[in-house]
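Here is the structure we will look at.
The values are calculated or read from the model by the stated rules, or taken from the named source; none is laboratory data. Predicted model, so just to flag it, every value in this text is computed and none were measured. Virtual Cβ from ideal backbone geometry, glycine too; neighbours counted across all protein chains shown. Surface accessibility is based on the protein's heavy atoms, side chains included, excluding ligands, DNA and RNA. Shrake-Rupley method; radii C 1.70, N 1.55, O 1.52, S 1.80 Å.
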Amino acid sequence: MDVLQLDNLAHGGEAVGRLAGKAIFVAGGIPGERVRVEIVEDAPRYSRARLVEVLEPSPDRVTPPCPYYAECGGCHLQHIRYERQLAAKAEIVRQQLTRLAGLAEPPVLPMLGMAEPWAYRNHVQLHVQGGVVGYQASRSHNIVRVEHCPIAHPLLASLWPREMPCGVERLALRAGVATGERLVLLEAAALPEPASTGWPAEVNVVADLGGRAVALQGVPWYHERLFERELRVSARSFFQNNTAQAQVLIDCVREALALDSGEVLLDAYCGVGAFLLLLLPPGGRGLGIESFPEAVADARVNARALHSGQVTFLEGDVARVLARRALTCDAVVLDPPRAGCSTQALARIIETGARRIAYVSCDPATLARDIGHLQRDGYRLERVQPVDMFPQTYHIECVALLCRTS
C-alpha cells in the first residue's frame, strides 16, 4: 500500500499523483485528496492504482447516486460535485492545447454545463453476454448487469431489456427527446424473429446484420427536433446523444461563424446534416460531406424538408471528395470522429480558402493536434468553447474558432 497526494485530473477521468517521479493514475480520486492506494498495473512510465482509502477527502467529493457506479464503466465522475467536473474538464482542454498545440495561454472559455446533469442521454449502447444485459465494466470486457441508468433519458427506461433474443450481441436504445419517437438497434449474427423482440408496436426495431440494417418493426429511423426543425436519423447514423446540449453546441458554432446570407459553408463529416441545415441562412449555399451512406440519405431527406437554398450532400471521405471537387468557401464546420482529421483532409480544407473554421471535437487531444497543424498553415486560434455534452463522464466536447491570418 502507498499513500499518495493527488494533483490533477487526466483526460480519462482518473486522478493523478506521483510516487518517486512516476505518474500514478487513480480512478475514483479527486485532485487535492490524500489517499491510500494499491498498485494494480505497473508500466515503465506510469502505474495504475486501486483507491483503497481516502485519507483527506476533497470538499467536492459527493456520494454517487448510481448503484452500479463502482463497477460500471459508463460514468467516471459521479463522485465529483458537478461544478468541479466542469472546471476540471475545462482545465484538461487547456492542458492539451498547451502540450500538443504549443499555446502558452490557450483561449479556453468556461465550460457550458447543464442545469440538470442527469437523465440526458438519448442514445445508450448495451452489451449482451451470457444472458446478462448491461454496460462493460471499467477497463474490462466483463458485463455489469444494469437495469436502470441515471444518465439515460426517461424515454429509454421502458425500452430497457431484461433478456435478449438468442444471437444478439449488442443493442442500442435511441430516442427523439423532442418528438417522443424511439428506436432499438440489435446487433446480431442472424436475423432475430420479429415476435421475439417484445417491444411495443410504436417502437421501431432494427437488426444490424454486420453492415445491413433490416427493419423488424416499423421503419429503420426515428426523428429528433432541434430549434423546432425536425431531422430524420437512421438507426446507425450518428447524432449527438444529448439533445439539449446539441442546441447549445449549434448556437456556439452559429456565433463563431457569424454567416452572412451570401456566404458558402462547407460541413465536413456532416452526419445527417444538422449543422449545415440549421446554420445556413435562407437562400444560403452549402456542401456537406459524409462517408456513411445512411447518414447521407438522411441528410438529403432533411434538406428537402428544411432548406430552400443551394445545398448539396456528397458521400465519401472528406479528403478524397475535396480532391475531386475544387471548392472555394467562406466558412467550414468540422465535426470529425474521435480520431480527428487526417493531414490530407486538413490540407484540402485549407485549400478551400475559408476565412473561418469552427472545429467541433469530442477529443481535446486530437483537437489540439489538429489546431497545431492549422496554426502552422495560416490560421489563428481565437477561442475554444467547451460544452458539457456528457455530464458524469470524462468525455469533453469543444467548439474551436480559427480565423485565417494570411
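Provide the solvent-accessible area of Lys22, counting protein heavy atoms only and rolling a 1.4 Å probe, rounded to the nearest 10 Å².
Only protein atoms counted, so the area is about 50 Å².
Given the protein chains as shown and a 1.4 Å probe, how many square angstrom of Tyr82 are accessible, to the nearest 10?
30 Å²
What fraction of the DSSP beta bridges in the range 167-223 is antiparallel, stated in percent and rounded to the nearest 5?
Beta bridges within the range 167-223, antiparallel portion: roughly 70 percent.
Taking only protein heavy atoms into account and a 1.4 Å probe, give the accessible area per residue of the chain in Å².
Values: 17620 Å² over 406 residues.
Per residue, the chain has 43 Å² of solvent-accessible surface.
Kindly state, as a whole number, the per residue volume in cubic angstrom of the convex hull around the alpha carbon atoms of the range 216-320.
103 Å³
Ignoring ligands, DNA and RNA, how do Thr243, Thr343 rank by accessible area with a 1.4 Å probe, largest first?
Thr343, Thr243
Rank Asn204, Leu322, Tyr46 by how far each Cα sits towards the positive end of the charge dipole of the chain (+1 on Lys, Arg Cβ; -1 on Asp, Glu Cβ) and give me just the farthest.
Leu322
Short version: ³J(HN,Hα) in whole Hz for each residue of the range 52-63, in order, from phi by Karplus 6.51 cos²θ - 1.76 cosθ + 1.60 (θ = phi - 60°), x for Gly and Pro, what are they?
Computed from phi, the couplings for the range 52-63 are 9, 7, 9, 7, 10, x, 6, x, 8, 6, 10, 7 Hz.
As a test question: what accessible area, to the nearest 10 Å², does Thr63 have when a 1.4 Å probe is rolled over all protein chains in place?
Around 120 Å² of this residue is reachable by solvent.
Could you work out the per residue convex hull volume over the alpha carbons of the range 353-396, in cubic angstrom?
Numbers: hull volume 3.0 nm³, N = 44.
For the range 353-396, the hull spanned by Cα atoms encloses 68 Å³ per residue.
For the range 253-292, compute the orientation-averaged projected area of the C-alpha convex hull (one quarter of its surface), in nm².
2.6 nm²
Counting other Cβ atoms within 10 Å, which trypsin sites (Lys or Arg not before Pro) in the range 284-335 have at most 14 and lie in a DSSP loop? Walk me through the numbers on the way to the answer.
Numbers: sites: Arg285, Arg300, Arg304, Arg320, Arg324, Arg325; in loops: Arg325.
Those satisfying the criteria are Arg325.
When all alpha-carbon pairs of the range 1-103 are counted, what percent fall beyond 17 Å?
53 percent
Which loop trypsin sites (Lys or Arg not before Pro) in the range 155-184, with loop taken from DSSP, have no more than 12 other Cβ atoms within 10 angstrom of their Cβ?
Qualifying residues, ordered by number: Arg162.
Just the number, please: percent antiparallel of the DSSP beta bridges in the chain, rounded to the nearest 5.
Here the share of antiparallel DSSP bridges comes out near 70 percent.
Rank these residues by their accessible area, most exposed first, probe 1.4 Å: Ile39, Ile350.
Per-residue accessible area, sorted high to low, gives Ile39, Ile350.
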